[in-house]
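What follows is a short report on a single structure.
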Amino acid sequence: MYTPYMVPDAVKWETTQICHLVAMPYPGRGHVNPMMNLCIMLASRKPDILVSIVVTEEWHSFIKSEAKPNNVQFATIPNVIPSELEKAKNFSGFVLAVRTKMEDPFEKLLDRLEPPVTAIIADSTLSWIIALGSRKNIPVASLWPMSATKLSLLYHFDILKEKGHFPIELSEIGDEVVDYIPGVSPSQIRDFPTICYGEDLKFLTGALKLVELISKAQYLILTTAYELEPEAVDALRSKYQIPVYPVGPSIPFFKLPNNPLPYNHSLAHDNVPQHLQWLNSQPNDTVLYISYGSYLSGIKCPNG
């Protein structure tokens, strides 16, 4: 009989020897990719752990063919949120659904997984998992897949208000330089993330709340290298009373030849995707890459 939950077949582990780590990314490409890369790196370095990456059925259809170590598996929850292909039409509704409709099916799946779950890595934007882990006595590591600098800006957002730099009217103060936020280098206000002003401002209250809730997790993982953002990492360590680990950029370097991990999934030429083969064939400095994010529709060229 069909079930909306995909629970992997129990792997034959000695349960007294296995650490079962459940990873739950926010359902967006810029969140799923770093979570998957981190899980592959962890599983490659520690073959005695089992990692279950939990995604919606739709997201599983996107990534199920991705190569991964034998001790990494997928598990699914039903499609209780709007489709990834349609979410740009009502992004506010998508955010609300993620916040209110995913917890119940995730908890039900958590209870079914074997071996019993040892710990959870949850995207920081899924702050409800922290409370769920507390109820079930499962430690939670909060994964922040964006820059440490952005997290420090949000954490210290009250200082902007105290200094009279919020609310933000770009036409009036956009060129002013802010040089007083711990961990944030001097920046013009117009260079701040758009969540601080404009149309994205409606998400600011929720973002500030989840930044606060990170403190209730047992660990904070940053997808940055300390050497890249030392001031931001130090600022966060001084505020959060939990261990803060900068683990380096969570990118698939294990696909490169001669990578240092035991798990080597370097791409032979025959396996290189066609778009990368095309890119590699172009002369230097002839390709312009423009990213609008993973959920916005592309701009149609007049002659395209």
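The values are calculated or read from the model by the stated rules, or taken from the named source; none is laboratory data. What you see is a predicted model, and the numbers here were worked out from it, not measured in a lab. Here the Cβ is made from the backbone with ideal geometry for all residues, glycine too, and neighbour counts use every protein chain on show. All accessible areas refer to the heavy atoms of the entire protein, side chains included, with ligands and DNA or RNA removed. Shrake-Rupley method; radii C 1.70, N 1.55, O 1.52, S 1.80 Å.
Worth pointing out:
- For the range 170-208, the candidate set comprises residues that are charged (D, E, K, R) and touching a residue at least 12 places away in the same chain (Cβ under 8 Å); within that set, the residue that is farthest from TYR226 (Cα to Cα) is LYS202.
- Test: residue in the range 118-129 that is open to solvent by less than 50 Å² (accessible area, probe 1.4 Å), touching a Lys or Arg at 6+ places or on another chain (Cβ under 8 Å) and of a type in the set (S, T, N, Q): yes
- Any hit, the range 144-155, residues being closer than 30 Å to LEU228 by Cβ and open to solvent by 60 Å² or more (accessible area, probe 1.4 Å): yes
Residues checked against (1) among the acidic types (Asp, Glu); (2) without any contact (Cβ under 8 Å) to a residue 60 or more places away in the chain:
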position: LEU126; (1), (2): no, no
position: ILE130; (1), (2): no, no
position: SER147; (1), (2): no, no
position: LEU154; (1), (2): no, yes
position: GLU162; (1), (2): yes, yes
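- The test for being modelled with pLDDT under 95, in contact with a Leu (Cβ under 9 Å, 6 or more places away or on another chain), of a type outside the set (Ser, Thr, Tyr) and more than 19 Å from PRO34 (Cα to Cα) does not hold for ILE173.
- Any hit, the range 41-51, residues being closer than 19 Å to ASP123 by Cα and of a type in the set (D, E, K, R): no
- From the list SER44, SER65, SER52, the one residue that fits, being of a type in the set (S, T, N, Q) and at pLDDT 95 or above, is SER52.
- Once the range 200-215 is narrowed to residues that are within 18 Å of the chain's Cα centre (by Cα) and open to solvent by 30 Å² or more (accessible area, probe 1.4 Å), the residue that is nearest to ARG190 (Cα to Cα) is PHE203.
- For the range 76-99, the count of residues that are open to solvent by less than 10 Å² (accessible area, probe 1.4 Å) and in contact with a strand residue (DSSP E or B) (Cβ under 8 Å, 6 or more places away or on another chain) is at least one.
- Test: residue in the range 188-206 that is touching a Leu at 6+ places or on another chain (Cβ under 6 Å), basic (Lys, Arg) and farther than 15 Å from THR125 by Cα: yes
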